Amino acid sequence: MKLLVISGGRHPYEESTPVLEGFLKAAGHDVTVTDDPSVLGKAAEMNAYDALVFNTLRVNSPNFEHMALSENEQLGMKEFISSGKGFICIHISGSLPEAWQEYHDITGGGWIGGTSFHPPYGKFTVTVSDSRHAGVRGVTDFETSDELYMGLAVKGGNDVFLTGTTEGGTHPWGPDRAPTDMPGGTFPLGWTRKYGDGNVFVLLLGHDGQSFQTPEFQKIVLNGISWATAS
């Protein structure tokens, strides 16, 4: 498949994107990686791709104001996916831009700045909650080093196939690292949905290079590309 990977933003993409590019190419995909999202607004160029992969944070945040997508880029992305192309959204790539509330109609939800949170980065068990789902074909429960997202916006219509469970606790959070109570529970980590005629695959794992090295993570991303580009 011909894939466009958009990278860049306030996350360790200098670690994770090269790993992503490597295993996508090793699987036989034709991969183009860029930090410049202007291609999203160029329909003639976008039509050459089978799927769009986001490993990027595209919101207005301090020192990264320039990362937000323009209206033209937003429109091009919507048209690309709704026309029947695939979209794979990794980790915080689903973060909701203040100026583009419709984004979560595409992703089915995700991170919201000032509302969402997670315990400290570390090892935890990821549970395959729907073993029949194409996203976890060949994958069983596994351990990874990553972030377990909580307090997300989650819309209806998502087919959840992956979850993580954690006990409640108090952890430092926010700019001042204040002690914050974080409830225990089971939280969605992967789902699929439709946007128009397009297939959307969301995987909340994938914080850094180490996370991307997890074999099961790579398998799930590759499964997601196969699912998202299926006719």
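The values are calculated or read from the model by the stated rules, or taken from the named source; none is laboratory data. Source: prediction; values computed, not measured. With ideal geometry, Cβ positions are generated from the backbone for all residues, glycine too; neighbour counts draw on all protein chains shown.
A few notes on this one:
- Condition met for PHE187 (assigned to a strand (DSSP E or B), of a type in the set (Phe, Trp, Tyr), in contact with a strand residue (DSSP E or B) (Cβ under 6 Å, 6 or more places away or on another chain) and under 25 Å from ASP50 (Cα atoms)): no
- Candidate set: region 148-168, residues that are at negative phi, out of contact with any Ser or Thr (no Cβ under 8 Å at 6 or more places or on another chain) and not aliphatic (A, V, I, L, M); chosen: the one surrounded by the most Cβ atoms within 10 Å (Cβ to Cβ): THR166
- Residue in region 208-229 that is in a loop (DSSP other than H, G, I, E, B), closer than 25 Å to HIS11 by Cα and touching a residue at least 40 places away in the same chain (Cβ under 8 Å) present: yes
- Residue match in region 58-80 (condition: under 26 Å from VAL19 (Cβ atoms), modelled with pLDDT under 95 and either among the basic types (Lys, Arg) or within 13 Å of the chain's Cα centre (by Cα) (or both)): yes
- Taken over region 74-118, the residue count meeting the criterion of being surrounded by 15 or more Cβ atoms within 10 Å (Cβ to Cβ), small (Gly, Ala, Ser) and part of a loop (DSSP other than H, G, I, E, B) is 3.
- Flag if SER7 is outside any helix (DSSP H, G or I), free of Cβ contacts under 8 Å to residues at least 60 places away in the same chain, of a type in the set (Ser, Thr, Tyr) and under 22 Å from ILE81 (Cβ atoms): yes
- Hits in region 119-160 (condition: in a loop (DSSP other than H, G, I, E, B) and touching a Lys or Arg at 6+ places or on another chain (Cβ under 7 Å)): GLY138, VAL139, GLY157, ASN158
- SER83 being hydroxyl-bearing (Ser, Thr, Tyr) and either free of Cβ contacts under 8 Å to residues at least 60 places away in the same chain or in contact with a strand residue (DSSP E or B) (Cβ under 6 Å, 6 or more places away or on another chain) (or both): no
- Residue within region 115-130 that is over 18 Å from the mean Cα position of the chain (by Cα), of a type in the set (Asp, Glu) and under 21 Å from GLY209 (Cα atoms) present: no
- Number of the exception - ASP35 against (1) out of contact with any Asp or Glu (no Cβ under 7 Å at 6 or more places or on another chain); (2) under 19 Å from ASP146 (Cβ atoms); (3) acidic (Asp, Glu): (2)
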